[in-house]
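The values are calculated or read from the model by the stated rules, or taken from the named source; none is laboratory data. Computed from a prediction, not measured in an experiment: that's the story for all the values here. Ideal geometry is used to build each Cβ from the backbone, glycine not excepted, and the neighbour counts take in all protein chains shown. With ligands, DNA and RNA removed, areas are computed over all heavy atoms of the protein, side chains included. Shrake-Rupley method; radii C 1.70, N 1.55, O 1.52, S 1.80 Å.
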Amino acid sequence: MKWTYDWLKDYLKTDLSAQQIADTLTGTGLEVEDLSAPVAPIAAKIVECKPMDGSDHLHILMVDDGTDTLRQVVCGAPNARTGLISALALPGCVISGNEIRAGKLRGVMSNGMMCSGRELGINDDHSGIIELPADTKIGAPVLNAETVFDAGITPNRPDYLSVRGIARDLSACGAGQYIAPTDDELKPVKSQRNVNIKTDKCTVYQFCEIHGITVAPSNSIIKSRLAAIGINPKNAPVDATNYICYDIGQPMHCFDADEINGDITVRMATPGERFTDLFGVEHELNDSDMVIADNTGILALAGVIGGARGMTTENTKNIILESAYFNPVSVRKTSKRLGISTDSSYRYERGIDPTITGIALARAAHIIMDACGGEIVGTGIGGKIPAETRRIEYKPELFMRKTGIDMPKNTQREILTKLGFDVVEKSDMWIITPRPTRVDIELPENIVSELIRIYGYDNIIKNAVHKPSDSAPHRDYYVEIKRELASRGLNEAKSFGFGNSKTETLLSNKPIVKIANPIVANMDTARNGLLGNLLNTVAENERRGYPDLNLFELGTVFDGDVPYAQHIQICIVRTGDTAPRHWTGRNRARDIYDVKADIIALLHGQKFTVTSDNPPRWAHPFRYGAIMQGKRKIAEFGELSPMVTRTLKIKTRVNIAIVDDVENLPGARKVHEPKLSEFQPITRDFAFIVDTNTPAEKLTGIALSSDARITDVVVFDAFEMPDGKKSIAFTITITPTDKMSDEDLQKLQMAVIENVEKKCNAKIRDR
């Protein structure tokens with residue numbers, strides 16, 4: 001997304017510099033990747049003009065650009081002459097969407113380009129290079145070069161694809177005051193045309209028909225802003241649709257009304273129907289493509305690209321402006337299938353504000369008529385603008401629970417209001433309605449995310465009421481499982497969180513969680529198990545000559561399409577032989593007892609029983625077992641069913657073990673990391689004299705139990721003494737939970753000495 005600094009100021013009253021604006025946006029989640037002021041054409045005087053040998057129109061110019069050295073430029077303009085002051089685009093300038101570079105023309109070096117009024121976007125004169133007044137300062141910029149922002153937009157923030165949306169966020173961050181636009185909509189004018197919507201993929205379609213225009217250039221502000229962000233200005237009707245796309249975030253299209261036959265229809269294409277786009281490329285459509293059509297045929301691919309028939313030209317006299325809301329998934333499918341990506345499809349795919357079609361239509365119509373004249377002879381609408389139905393129940397104290405920061409209610413309300421959210425207070429519950437363009441806001445946690453984003457990530461730790469040491473200890477149980485499985489010779493596998501519906505149906509009867517818009521065709525579900533992806537790995541390795549595998553994966557699988565419908569699963573796969581062939585002995589093929597042993601190792605001595613009842617679809621009916629504790633199934637193991645191996649084209653015997661829910665493993669909820677402390681650990685050394693037969697472990701165990709703040713005891717010295725005694729020396733590590741004075745430390749040390757001397761018949765060594 002690109003925009004200029006002066007464009008931003010249409011909606012934001014601010015004193016911040018462009019760099020400060022960029023830093024603020026990056027700090028709140030919109031990464032500004034580039035901040036640049038384009039090289040502007042400058043005034044230059046032609047000092048020498050001579051014809052180029054072998055050409056009937058080219059001239060070799062020597063121009064004064066305000067430096068001490070004359071610059072050589074090749075020019076074909078008929079009005080180029082000595083003494084003329086004109087506009088020179090230096091290498092690096094972008095003119096009509098093209099970057100000017102130094103290079104040879106017919107063997108003669110040209111270090112720039114002399115520009116016409118049309119190329120500069122000042123007027124429509126292209127008969128020759130522009131002639132500037134004689135008193136123009138040589139070397140001075142001919143056009144103002146506005147600072148251009150270039151930001152990377154994440155898919156969840158379509159509101160950032162408009163200058164208005166960016167200004168709104170900046171105002172909430174305190175970077176300035178949001179200037180609310182004075183939007184209006186066109187008054188209805190009875191039209192001879194109707195809109196017929198024959199698909200549920202289009203919620204609303206509005207149009208406005210303007211007659212009697214004279215196609216002309218846009219005003220200088222629109223032209224300069226479009227040129228600065230890399231869009232070549234063409235004429236007011238086309239520029240208006242491009243400008244509104246970036247300004248408001250509403251994609252639009254402009255048709256030549258004289259080329260449209262009858263009513264406008266929004267429908268799905270007929271399979272095999274053909275369409276030629278405005279670049280002259282023909283496409284074959286199917287029934288998943290949404291189109292705009294008239295009585296003759298297709299005029300445009302809805303939300304993607306216009307057609308060759310009905311496009312506006314310099315001779316157009318009557319136009320129809322389109323402003324509509326199309327389904328994001330439908331637009332994306334067509335865009336990806338045909339390989340067409342436009343500014344329009346980019347926005348529709350992410351979800352635009354469905355309520356601004358009328359506002360955008362009125363704004364574009366005014367821009368066009370201001371430049372080209374004409375009058376509105378008809379308006380029309382199909383469908384209706386949808387009402388905002390989201391109502392999020394939010395309690396302000398949720399922010400404290402999620403972040404550890406005590407943000408006052410008034411501050412929370414102020415931030416949400418500046419973001420354009422509607423807040424209604426009902427006792428201790430707030431009912432929040434996001435502004436329509438914020439399609440990513442659906443849960444109370446999204447509200448917390450918005451508040452902390454605007455509040456500032458840098459303020460989280462320093463203003464937190466609950467410090468990191470007070471937080472719940474991080475759970476390390478999954479890491480311990482991975483280490484244990486790795487110690488048994490298994491290699492960890494990592495796969496995508498997606499699955500294949502055909503494979504999942506083959507392996508189990510669990511619900512299939514379909515994805516509406518998969519990234520690739522063979523990953524069309526949120527995986528309901530880990531086995532499918534591991535079997536694909538087995539098949540791929542086998543085809544490449546690696547049949548002997550020992551793999552495991554621990555990851556999330558999904559039970560449904562609602563939040564939190566998921567759990568953690570372990571899947572183990574062993575295939576092939578236990579070792580390569582060797583002359584020293586025979587190897588053996590891996591079997592189900594190998595994977596059974598892997599599961600038993602995770603039980604850590606817990607009692608269990610094995611049953612072979614009700615094998616799942618993936619399992620061999622006579623080589624399967626389930627590990628039970630009472631009526632609870634802990635895990636299952638078995639050999640892959642021959643039917644599955646044939647379907648997946650696997651020749652190797654595959655042995656499988658699955659722990660469907662890691663929480664079922666004994667002790668799963670008991671293993672935690674020790675609580676972190678914000679204080680430095682303290683060490684103290686002790687040496688005791690004990691009987692020769694006293695084990696060192698007894699001393700260290702008693703020392704460790706003397707105080708909860710002692711977290712480790714390590715023996716570093718031991719030796720026999722001549723009187724039947726021995727000396728044992730060890731170091732204790734103390735992890736304070738609060739500030740410790742010398743007196744506190746002395747009490748702890750005395751507790752260790754007293755406990756060891758009393759319970760081990762020991763005596764502290766003096767030296």
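Tabulated data for the structure shown
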{"quantity": "Residue list for the stretch 128-153, restricted to those being at pLDDT below 90, farther than 30 Å from Y346 by Cα and among the polar types (S, T, N, Q)", "calculated": "none"}
{"quantity": "Conditions (1) surrounded by fewer than 22 Cβ atoms within 10 Å (Cβ to Cβ); (2) farther than 30 Å from I221 by Cα; (3) more than 33 Å from the chain's Cα centre (by Cα); number of the one not met by R267", "calculated": "(3)"}
{"quantity": "Meets criteria (surrounded by 15 or more Cβ atoms within 10 Å (Cβ to Cβ) and under 30 Å from G382 (Cβ atoms)) for T182", "calculated": "no"}
{"quantity": "Residue within the stretch 35-42 that is in contact with a helix residue (DSSP H, G or I) (Cβ under 8 Å, 6 or more places away or on another chain) and farther than 20 Å from S110 by Cβ present", "calculated": "yes"}
{"quantity": "Residue selected from the stretch 505-529 under the condition among the hydrophobic types (A, V, I, L, M, F, W, C) and touching a residue at least 60 places away in the same chain (Cβ under 8 Å), by the criterion surrounded by the fewest Cβ atoms within 10 Å (Cβ to Cβ)", "calculated": "A516"}
{"quantity": "Members of the stretch 159-217 that are aliphatic (A, V, I, L, M) and within 17 Å of Y5 (Cβ to Cβ)", "calculated": "V163, I166, A167, L170, A175, I179"}
{"quantity": "Residues of the stretch 552-578 classified as open to solvent by 70 Å² or more (accessible area, probe 1.4 Å) and in contact with a His (Cβ under 8 Å, 6 or more places away or on another chain), total", "calculated": "1"}
{"quantity": "Index of the failed condition, S345 passing every other in (1) in a loop (DSSP other than H, G, I, E, B); (2) farther than 16 Å from F255 by Cβ", "calculated": "(1)"}
{"quantity": "Subset tally (residues that are in contact with a strand residue (DSSP E or B) (Cβ under 6 Å, 6 or more places away or on another chain) and assigned to a loop (DSSP other than H, G, I, E, B)) for the stretch 59-99", "calculated": "7"}
{"quantity": "Checklist (1) of a type in the set (K, R); (2) over 26 Å from the mean Cα position of the chain (by Cα); (3) more than 24 Å from P181 (Cα to Cα); (4) not in a loop (DSSP other than H, G, I, E, B) applied to K317, failing item", "calculated": "(4)"}
{"quantity": "Evaluation of L549 against (1) closer than 17 Å to V654 by Cα; (2) touching a Ser or Thr at 6+ places or on another chain (Cβ under 6 Å); (3) surrounded by fewer than 20 Cβ atoms within 10 Å (Cβ to Cβ); (4) hydrophobic (A, V, I, L, M, F, W, C) (one fails), failing number", "calculated": "(3)"}
{"quantity": "Close pairs from the stretch 133-161: first over 26 Å from V47 (Cα atoms) and part of a helix (DSSP H, G or I), partner at pLDDT 90 or above and open to solvent by 50 Å² or more (accessible area, probe 1.4 Å), Cβ under 6 Å, at least 6 apart", "calculated": "P158/R350"}
{"quantity": "Residue in the stretch 66-115 that is surrounded by the fewest Cβ atoms within 10 Å (Cβ to Cβ), counting only those that are closer than 27 Å to A228 by Cβ and hydroxyl-bearing (S, T, Y)", "calculated": "T67"}
{"quantity": "Search result, residues across the stretch 116-153 that are over 23 Å from G230 (Cβ atoms), polar (S, T, N, Q) and open to solvent by less than 30 Å² (accessible area, probe 1.4 Å)", "calculated": "none"}
{"quantity": "Residue selected from the stretch 668-710 under the condition among the β-branched types (V, I, T), modelled with pLDDT of 85 or more and more than 17 Å from R765 (Cβ to Cβ), by the criterion least open to solvent (accessible area, probe 1.4 Å)", "calculated": "I710"}
{"quantity": "Residue satisfying condition, being modelled with pLDDT of 90 or more, open to solvent by 30 Å² or more (accessible area, probe 1.4 Å) and charged (D, E, K, R), within set R623, R586, R581", "calculated": "R623"}
{"quantity": "Test: residue in the stretch 94-108 that is under 25 Å from N232 (Cα atoms), in contact (Cβ under 8 Å) with a residue 12 or more places away in the chain and of a type in the set (G, A, S)", "calculated": "yes"}
{"quantity": "Criterion: at pLDDT below 95 and in contact with a Leu (Cβ under 8 Å, 6 or more places away or on another chain) - qualifying residue of A80, A37", "calculated": "A80"}
{"quantity": "Filtered residue count, the stretch 382-415, keeping only those that are modelled with pLDDT of 90 or more and of a type in the set (A, V, I, L, M)", "calculated": "4"}
{"quantity": "Residue check, A40 small (G, A, S), touching a Ser or Thr at 6+ places or on another chain (Cβ under 8 Å), within 30 Å of A371 (Cα to Cα) and assigned to a loop (DSSP other than H, G, I, E, B)", "calculated": "no"}
{"quantity": "Checklist (1) hydrophobic (A, V, I, L, M, F, W, C); (2) surrounded by fewer than 16 Cβ atoms within 10 Å (Cβ to Cβ); (3) under 53 Å from the mean Cα position of the chain (by Cα); (4) modelled with pLDDT under 90 applied to V713, failing item", "calculated": "(2)"}
{"quantity": "Number of the condition not met by I352 [criteria: (1) outside any loop (DSSP other than H, G, I, E, B); (2) open to solvent by less than 30 Å² (accessible area, probe 1.4 Å)]", "calculated": "(1)"}
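Matching residues to (1) within 18 Å of P251 (Cβ to Cβ); (2) touching a helix residue (DSSP H, G or I) at 6+ places or on another chain (Cβ under 9 Å); (3) surrounded by fewer than 22 Cβ atoms within 10 Å (Cβ to Cβ):
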residue: A302; (1), (2), (3): yes, yes, no
residue: Y325; (1), (2), (3): yes, yes, no
residue: V329; (1), (2), (3): yes, yes, yes
residue: K333; (1), (2), (3): yes, no, yes
residue: I367; (1), (2), (3): yes, yes, yes
residue: G373; (1), (2), (3): no, no, yes
residue: T379; (1), (2), (3): no, yes, no
residue: L398; (1), (2), (3): no, yes, yes
residue: G404; (1), (2), (3): no, yes, yes
